[in-house]
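Chemist: Here's a structure for you.
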Amino acid sequence: MLKIKNLNIKSADNEILKDVNLEVKPGEVHVVLGPTGSGKSGLVMALAGLPFVDVDSGSITFKSKSLLKQSIQERSLNGLVSVFQHPVEIPNTTNWDLFCNILKLRKDKRDPQDLKELYNETAESLGLDKNHGSTPADSDGMTHSEAIRNELLISFLLDPNLLIVDDIDEKLDAEDKLAVALNIKNFIHTKRRAGIIFSKDKQVLELIEPTHVHIMAKGQLALSGNIDILKRIEEDGHPELSTS
Amino acid sequence: MGIQSFLQAEKGDPDWLFSPDEYFGKQFKLSEANTVELKEGKKDQVVLRHTPTEKGLVAKHLKIDLRDNSQLDLFVLNDTGAKLQQVCLYDIHLREGSTLNLGIFVKGGKFNKHIFQVELDDGANFSNFGYMNNNDSGDTEVIFKVFQKGAESLCTQLIAGEAGPNSQTVYQSMVHIDAGAEVVETGIENINIVTGPNGKCYSRPDVTSENESAKIRYGSQTAFIDESMILYLNSKGLGDTEARNLILQGFKTTVFNLIQGDDLKTEVAQMFESD
């Protein structure tokens, strides 16, 4: 589904990623653990197509087509949806209206009214208020935690083939982290979707029950394997996780 | 045109209020003059729909006289062509205990200026909200000159402006509270959004009070469409134009939600729908 080959990216002449290789097949759940500055967000930006990083060399293909030639919009419409650390809030619109407008404008064939029940169920499972749909989707209307959970809610309902999640648990308290991790796990495993989940929190990544685990450090995937890697880090630590 | 011409007009205006002679019969030809008079204790609702197409310079004059304890809900829907050059002057007198709820919605024009001169007697209430935009590389202006002469009078405003590429909007509200006007309240707010390159939104809320008992609040803010919002909506599958329209829709909602009546709300929303 997704193939990253020898990817090198820069931001303002700073090397962010060095020769990153990664393959994600349908149904696989990859988690990437790494400290601040290790290159996690850089990889998310490159996958999402955000203009804050420049791809220096290498390739990314998604569903056998070059991702790098696609706009941000095309990537999303083709089934790659990114969940960001700092979702932007749209003033003076409610969450439900925002969702309906997004569906309508991306020409989604599903009728929003048919999704109302699923919307409410998903909101409830994310710990959002039962009236969440009618609350404003702006900074006055939501806390950071609610904004993150709202971002997940909308992303889940877009029903992507590949969900990219960028370190969203960073500023959440323990209870919210748990809710977020379990909801990501449920979405991906129940719907048999693929995912790449980035985090600094090993416990969050364990909860997601990944099929593949990668350690990112200094712009490289320093180690890849299965969930045993996370257990080994708990017992022995891992030098690659050091930023020094 | 725009704010400069308005400020120049101020200099030759010793009596503070605009003189109709400023525009009528000189630069602009008076094409319409109407009077609305509401008798004591009466209530009415009026919707003025203007879709003028004149190509020359035109001026229109509407005189509104609300007698004691009367109430008028007035909606002005002015949807003009890109070549129109007009000045609409509204002379309004709210007598004791009367109320004017004004919705002013102005779209487009090469030069499209609406001046409201309002005199408030004791206990009069001037409540207004509105939306103006210009996407015609022109200038749309809504100007208020409110004279709170009477005690316990009330003036509230919420006006939003939207300027597209090479276009501008001007909001100005000059409220003067007379020395003898005890316990009056004034609240004016202007919010603007610039949606294209070289778009400009001028804002000048201006309250002068000669009475210390007055309660006054005013505010103004102008923003550009936030590129981070567009990128975010791109990532949810929306194109740039769709994203801009969605953000703009949210901005409009602030004012449109104040419109009472679904039919009128729909009509106004359609009037300002993005091309």
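Chemist: With chain B treated as a Gaussian network of Cα nodes joined by springs under 10 Å, which of B:141, B:119, B:37 yields the largest mean-square fluctuation?
Modeler: The residue with the greatest mean-square fluctuation here is B:37.
Chemist: Per DSSP H run of at least 4 residues, take -39500 (n - 2.57); add these up for the protein assembly as shown, divide by its residues and hand me the 222 nm value, nearest 500 deg cm²/dmol. Present the calculation step by step, with values, prior to reporting the outcome.
Modeler: On the way: 12 runs with 126 residues, N = 519.
That comes out to -7000 deg cm²/dmol.
Chemist: Send over a whole-number figure in Å² for the accessible area per residue of chain B, probe 1.4 Å.
Modeler: Numbers: 11930 Å² over 275 residues.
The answer is 43 Å² per residue.
Chemist: Which chymotrypsin sites (Phe, Trp or Tyr not before Pro) in the stretch B:166-274 pass both tests, a DSSP loop state and at most 16 other beta-carbon atoms within 10 Å?
Modeler: Details: sites: B:171, B:202, B:218, B:224, B:232, B:251, B:256, B:272; in loops: B:272.
Loop-located and lightly packed - none at all.
Chemist: Multiply the residue separation of residue A:226 and residue A:71 by 0.36 nm, subtract the distance between their alpha-carbon atoms, and state the gained length in nm to one decimal. Can you show the working numbers first?
Modeler: Values: separation 155, 0.36 × 155 = 55.80 nm, distance 3.25 nm.
Using 0.36 nm per residue and subtracting the Cα-Cα distance, I get 52.5 nm.
Chemist: Rolling a 1.4 angstrom probe over the protein heavy atoms, how many square angstrom per residue are accessible across the stretch A:135-178? Don't skip to the end; give the middle numbers.
Modeler: Working: 1520 Å² over 44 residues.
Per-residue accessible area for the stretch A:135-178 comes out at 35 Å².
Chemist: Charges on Cβ only, +1 for Lys and Arg, -1 for Asp and Glu, centred on the Cα centroid of chain A; of A:58, A:163, A:143, which one is farthest towards the dipole's positive end?
Modeler: A:58
Chemist: If you don't mind, another one. Among bridges DSSP assigns within the protein assembly as shown, what percent are antiparallel (round to 5)? Display every interim value, and only then the final one.
Modeler: On the way: 22 of 156 bridges.
That works out to approximately 15 percent antiparallel.
Chemist: In the protein assembly as shown, how does Rg compare with the Kirkwood Rh, expressed as the Rg/Rh ratio over alpha carbon atoms?
Modeler: The Rg/Rh ratio comes out at 1.10.
Chemist: Among the residues of the stretch A:68-85, which ones have their accessible area go down by 20 Å² or more when all the protein chains sit together, as opposed to their chain alone (1.4 Å probe)?
Modeler: Relative to the lone chain, where solvent access is computed with a 1.4 Å probe, the stretch A:68-85 loses at least 20 Å² at A:72, A:73, A:76, A:84.
Chemist: Taking the Cα atoms of the stretch B:118-275, report the difference between the largest and smallest coordinate on each principal axis, in whole Å and largest first.
Modeler: The Cα atoms of the stretch B:118-275 stretch 58, 34, 26 Å along their principal axes.
Chemist: Tell me the total accessible area that B and A bury against each other, 1.4 angstrom probe, in square angstrom rounded to 100. Could you put the intermediate results ahead of the total?
Modeler: Working: alone 12870 and 12120 Å², together 23140 Å².
Chain pair B/A: roughly 1800 Å² of buried accessible area.
Chemist: Rounding to the nearest 20 debye, state how big the charge dipole of the stretch B:6-226 is about its Cα centre with +1 on each Lys and Arg Cβ and -1 on each Asp and Glu Cβ.
Modeler: Details: 22 positive and 32 negative charges, 192 e Å.
That gives a dipole near 920 debye.
Chemist: Here's something else I'd like to know. Leaving out ligands, DNA and RNA, and with a 1.4 Å probe, what % of the accessible surface on the stretch A:134-210 is carbon or sulfur? Write down the numbers at each step before the final one.
Modeler: Working: 1290 of 2880 Å².
The C+S portion of the solvent-accessible surface of the stretch A:134-210 is 45 percent.
Chemist: Using only alpha carbon pairs under 8 Å that are at least six residues apart, calculate the relative contact order of the stretch A:1-120 and give it in whole percent. Before the final figure, lay out each step's value.
Modeler: Numbers: 135 pairs, mean separation 28.2, N = 120.
Answer for the stretch A:1-120 is 24 percent.
Chemist: Now a separate question. Kirkwood Rh over Cα pairs of the stretch A:51-202 into Stokes-Einstein at 10 °C, 1.306 mPa s: D in µm²/s?
Modeler: Values: Rh = 16.3 Å.
Answer from the Stokes-Einstein relation: 97 µm²/s.
Chemist: Still on this structure, I have one more. Have a look at the stretch B:235-260 and report residues whose accessible surface goes down by 30 Å² or more when the remaining protein chains are included, against the chain on its own, probe 1.4 Å, ligands and DNA/RNA excluded.
Modeler: Residues meeting the cut-off: B:235, B:236, B:237, B:238, B:242, B:246, B:250.
Chemist: Where Rh is the Kirkwood radius over the Cα pairs of the stretch A:138-183, the temperature 10 °C and the viscosity 1.306 mPa s, what D in µm²/s does Stokes-Einstein return?
Modeler: 140
Chemist: Still on this structure: Per residue, how many Å² of accessible area does the stretch A:1-118 show with a 1.4 Å probe?
Modeler: Values: 5560 Å² over 118 residues.
Accessible area per residue, the stretch A:1-118: 47 Å².
Chemist: Let me ask something else. Would you kindly give the portion of the calculated P(r) for chain B that falls above 33 Å, as a percent of all Cα pairs? Present the calculation step by step, with values, prior to reporting the outcome.
Modeler: Working: 7457 of 37675 pairs.
Value for chain B: 20 percent of Cα pairs lie more than 33 Å apart.
Chemist: Using a 1.4 Å probe over the heavy atoms of the protein chains, calculate the carbon and sulfur portion of the accessible area of the stretch B:6-226 as a whole percent.
Modeler: Working: 4230 of 9390 Å².
About 45 percent, which is the carbon plus sulfur part of the accessible surface.
Chemist: Could I ask something else about it? Rg (Å, one decimal) plus Dmax (Å, integer) for the alpha carbons of the stretch B:60-122?
Modeler: When restricted to the Cα atoms of the stretch B:60-122, Rg and Dmax are 13.4, 42 Å.
Chemist: Do any trypsin sites (Lys or Arg not before Pro) in the stretch B:31-63 lie in a DSSP loop with no more than 15 other beta carbon atoms within 10 Å, and if so, which?
Modeler: B:39, B:42, B:55
Chemist: Hey, if you put +1 on the Cβ of every Lys and Arg and -1 on every Asp and Glu Cβ in the protein assembly as shown, which of B:116, A:68, B:103 ends up farthest toward the positive end of that dipole?
Modeler: Of the options given, the answer is A:68.
The values are calculated or read from the model by the stated rules, or taken from the named source; none is laboratory data. Quantities reported herein were computed from a predicted structural model and do not represent experimental measurements. Glycine also receives a Cβ, built like all others from the backbone with ideal geometry; neighbour counts cover every protein chain displayed. Accessible surface is based on the protein model in full, side chains and every heavy atom, while ligands, DNA and RNA are left aside. Shrake-Rupley method; radii C 1.70, N 1.55, O 1.52, S 1.80 Å.
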